[in-house]
Amino acid sequence: MTGMTGMTGMKGASNMAGTTVLATPAEATTPPAMGGLAADQLTVGYRTRAAWRRGTPHAVLSGLDLEARAGELTVLLGPNGAGKSTLLRTLCGLLPPLAGRIRIGGRSITEESPATLARRLAVVLTDRVDPGLLSARELVALGRHPHTGFTGRLAPADHTAIQWALEAVDAAHLAERPAAELSDGERQRILTARALAQEPDAILLDEPTAFLDVPSRVALTVLLRDLARSKGLTVVVSTHDLELALRVADAVWLVDRSSCVHTGAPEDLMRTGAIGAAFDADHLAFDPLSGSFGLRRASRATVTVNAPPSLRPLLERALAREGIAAQHGPVDGPADGAAEVSADADGKLTLRRDGTVVRTESFHELTRAVRTW
């Protein structure tokens, strides 16, 4: 597979889904990327626990060949229950694959010793961590454990890596606080810092922005992308921040409703309609032109809109929320009897309908007025 859009996978017998990852050689026109996380013909699933069929393999996704290249941020997207967490747990060895193999830097993870794998692969999962009496800095320092050898003592280089990781996620001010007293968002930053302190070849993160506010979500996602490029890391992130991921990610793995996995750049999946097919719902539709979601609802009325270019998108958005479709009006105004909404350069809004004129000072007043139409 190359950078072109692809699709792989087979539907399993469960509504849980897994995914896979594969690092293929770079094209001949580019130098080969070092590292990378790969899977070959990977089957992801689980084994039943029922007493009468205990251990029977239950495949969710089969025969998957995907890639996460070094130097790129790869995001894993899909509806709830698509198996994003199952994929990450399989890739990092917490769940055994039902078939196929997983490679990191070209070597099968089964060929690596636990100590070597711990230095090469870092994981941040959604499982709640009990930090006990550790401070935030001491929790981040656990990421250096694979590098400290038999004594477990931290060298100056280890302290440097710990401090850098704290600063990278904007958590240096939390370093001396008890980790147990941190908020969910603060703790997520510290756990991400622990993975960075590990200085691995690949980092797998399951919804790392789940508890962060919007600015922190953007900052962390951009940080992961920049680290992938500047340090040649392989970064795989499972996330529900779809619009942010599509703006920042280098590559996307998308599990659709039929448990097939689509791959490519964000724009590839927008163009093919794969994103809309996976996420569109009765009242929600993905707009590939803007890369965002909008409400899908039947229009109960149509109005002519006359507004400066800077205000027109906001005006159309407000009207759409009230079920009113907007059309651009002629310069000399709407036809007799037609409804019109206009805005001047100062932002004052005027509604005209059936000879009635209503002037408002805000979009809030506007939407309240048209709600009675």
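The values are calculated or read from the model by the stated rules, or taken from the named source; none is laboratory data. Computed from a prediction, not measured in an experiment: that's the story for all the values here. Don't worry about glycine lacking a Cβ; one is built from the backbone with ideal geometry, like all the others, and counts go over all protein chains shown. To get the accessible areas, we keep the full protein, side chains included, count just its heavy atoms, and leave off ligands, DNA and RNA. Shrake-Rupley method; radii C 1.70, N 1.55, O 1.52, S 1.80 Å.
In the stretch 284-311, the residues that are in a loop (DSSP other than H, G, I, E, B) reach residues that are polar (S, T, N, Q) with C-beta atoms within less than 7 angstrom, at least six apart or across chains, in these pairs: ALA307/SER342. The condition of being open to solvent by 40 Å² or more (accessible area, probe 1.4 Å), under 30 Å from GLN41 (Cβ atoms) and of a type in the set (Phe, Trp, Tyr) holds for only one of PHE293, PHE279, that being PHE279. Give the residue that is least open to solvent (accessible area, probe 1.4 Å), with candidates limited to residues of the stretch 163-207 that are without any contact (Cβ under 8 Å) to a residue 40 or more places away in the chain and part of a loop (DSSP other than H, G, I, E, B). Taking the candidates together, the pick is ALA171. Residues that are open to solvent by 40 Å² or more (accessible area, probe 1.4 Å), over 29 Å from ASP127 (Cα atoms) and free of Cβ contacts under 8 Å to residues at least 60 places away in the same chain: does the stretch 231-239 have at least one? No - not one qualifying residue is present in the stretch 231-239. When ALA228, ALA245, ALA210 are screened for being over 16 Å from VAL169 (Cα atoms) and either among the hydroxyl-bearing types (Ser, Thr, Tyr) or open to solvent by less than 50 Å² (accessible area, probe 1.4 Å) (or both), only ALA245 passes.
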